[in-house]
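Trainee: Structure in structure tokens, see below.
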Amino acid sequence: MRPGWPRAGWASCRCFGTPTTKACTTRPRTPRCSICAPAASLHPCRSRSRPSPRAPRPPRRPGPEGAAVDPNTTVTLLALNLLCVGGLLLLIAGRMPDPAGLRDFGTGALVFGFSYLLRLQLGLGSGSALGLLPDVGMIFATLSFANGLRQFTGRAPLGRGRLAAVVAVYAAVALGALLLAGGVGRHVVLNLALGLGYVLLGLVALRATRREVPLLRTPLRLLAGLVGVLGLVTAARGLVILALGLTAVFEGALAQAYYGYSVAVTVLLCPTLLWMVFLRLNMRLGELATHDALTGALNRRGLDEGLLRLHAQRPSPLLVAMLVDIDHFKQVNDQQGHATGDVVLRDIAKTLAEGVRGGDLVARWGGEEFLVVGQAGEPGAVQALAERLRARVQSAGLGEQGTLACTVSIGVSAPFAGPDAWAAALRAADAALYEAKRAGRNRVVFAPGLTAS
Ligand SMILES: Nc1nc2c(ncn2[C@@H]2O[C@H](COP(=O)(O)OP(=O)(O)OP(=O)(O)O)[C@@H](O)[C@H]2O)c(=O)[nH]1
């Protein structure tokens, strides 16, 4: 250490031992060295940290608390969020055998995200003709969402021709508005069209709640509420632009409210979509676990679950078991090929499922054998059901061309109640089926306790 230099702390004090010769760069919280400390009141750093009362104060910037919602930052975050979610949905859809609308959801989110980024590049309030490009992107993305939702809820998608026509009409109207009224016209048309699109999307979701399983109704209602309100707010924004001009919706309280709500919707929308996808996948897995892959009839596990449900009813109903076996099915395979045999199996399963009463169970019991379990019901009802099933199969056109014919033999158990009687009922149905085959096939035989009516 040089003689005369401060003892401690000088290295961290940015006056470097020459406090008054230059403008001091000492930060307010830097520990002072022994040179600065005694003359702190004269030192330039002290005078800088305490401005004289006469000096004009710099304008206050909003702090982190209560900071304004900045449209540019908000739109950037929305765009990134949409791009991430779109990519994720497309990844999930790529791995699903039946993506049911997920591809359209993903495409919609990606196109919306890119459109937002393009709008940021051009300037949010820009009135340039290039701005029509992201506008058209957003309209297409909204239609893509609606298409995805339709498919997700089991409805046919809108054809490509229709989508292209709507987008073309929008582009023409927006161009006309731009030529007539400049940027204001373009923004009014965009907000009104997007608002209408969101409201329609909400209505598609609301309509689907009527047909969907209860599990899916909650996220669908949430989706309908979120986009429905966004639609009304966006359309109202269009009217505000018309009445007050563009500045009113990009600055001030209205802009704060709109962008605040948009953030909330986007943040909630993504988990809602993923929630719906998760539920759908879960339902699909449940179906795969309980249904036969070839015929779509219940498998043993599905039958067990169905039987438990039937037995759990109060009062416990009387049930009957019917074993349905295709006659001479080996000949179908030998003459038409195994693939056609598969189609015939599928057709017969469908014919049986369409012929039973609501609540009856149809399961694939073995290779070309099905089991129907239903409530015994009124006297004569079981006999009528068994005969109807036999007749329906006989008259059905089967195979790829619908030109093949097959018959079935059916053995019907006596009515039974409770799981304990299940094994005995199956034995009785099997014995009756054997008897039907022995007696010449294409007939129904009833176990003792039930007689043909
Ligand atoms: N295509 C196809 N054939 C199957 C399947 N499962 C079993 N089979 C066929 O079903 C036929 C059953 O033949 P059999 O048990 O001799 O009975 P059947 O020819 O129907 O004669 P009856 O029952 O006595 O009237 C066999 O040829 C099996 O290969 C399947 O999943 N697909």
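Trainee: Ranking C406, C270 by Cβ neighbours within 10 Å, fewest first, what do you get?
Mentor: Values: C406 22, C270 18.
Ranking C406, C270 by Cβ neighbours within 10 Å, fewest first, gives C270, C406.
Trainee: Could you give the nm distance between label points at V169 and R427, where each point is 7 Å from its Cα heading toward the beta carbon?
Mentor: 7.0
Trainee: For the charge dipole of the range 300-446, defined by +1 on Lys and Arg C-beta atoms and -1 on Asp and Glu C-beta atoms about the Cα centroid, which residue among V344, L433, L319 has the Cα displaced farthest towards the positive pole?
Mentor: L319
Trainee: Give, rounded to the nearest 20 debye, the magnitude of the charge dipole that the range 202-322 has about its Cα centre when Lys and Arg contribute +1 at Cβ and Asp and Glu contribute -1 at Cβ. Present the calculation step by step, with values, prior to reporting the outcome.
Mentor: Numbers: 12 positive and 6 negative charges, 63 e Å.
The dipole magnitude comes to about 300 debye.
Trainee: Sorted from fewest to most neighbouring beta carbons within 10 Å, what does the list V265, V169, V85, V362 look like? If you can, show how the numbers build up before the last one.
Mentor: Numbers: V265 19, V169 12, V85 23, V362 28.
Ranking V265, V169, V85, V362 by Cβ neighbours within 10 Å, fewest first, gives V169, V265, V85, V362.
Trainee: Which FRET efficiency, nearest 0.05, do Q256 and R160 yield, Cβ-Cβ r, R0 45 Å? Present the calculation step by step, with values, prior to reporting the outcome.
Mentor: Values: r = 39 Å, r/R0 = 0.87.
Once the sixth-power term is evaluated, E becomes 0.70.
Trainee: A further question follows. Label point 7 Å out from Q331 along Cα-to-Cβ: which residues of the range 417-439 have amide N under 17 Å?
Mentor: 437-439
Trainee: Looking at the range 300-446, send over the antiparallel percent of its DSSP beta bridges, to the nearest 5. Can you show the working numbers first?
Mentor: Values: 18 of 21 bridges.
The antiparallel fraction comes to roughly 85 percent.
Trainee: Give me the number: length gained by fully extending T218 to L179, i.e. 0.36 nm times residue separation minus the C-alpha to C-alpha distance, one decimal in nm. If you can, show how the numbers build up before the last one.
Mentor: On the way: separation 39, 0.36 × 39 = 14.04 nm, distance 4.44 nm.
Taking T218 through L179 to full extension adds about 9.6 nm, to one decimal.
Trainee: So between R300 and L130, what do we pick up on full extension, going 0.36 nm a residue minus the alpha carbon distance? Spell out each step's value before the answer.
Mentor: Numbers: separation 170, 0.36 × 170 = 61.20 nm, distance 6.15 nm.
The R300-L130 span can extend by a further 55.1 nm.
Trainee: So how do V277, V408 line up by other beta-carbon neighbours within 10 Å, fewest first?
Mentor: Values: V277 22, V408 28.
Lowest count first: V277, V408.
Trainee: Using 7 Å Cα-to-Cβ label points, what is the R388/N282 separation (nm, one decimal)?
Mentor: 3.6
None of the figures in this text is laboratory data; all of them are computed from the coordinates on show. All values derive from a computational prediction rather than experimental measurement. Backbone-built Cβ (ideal geometry, glycine too); neighbour counts: all protein chains shown.
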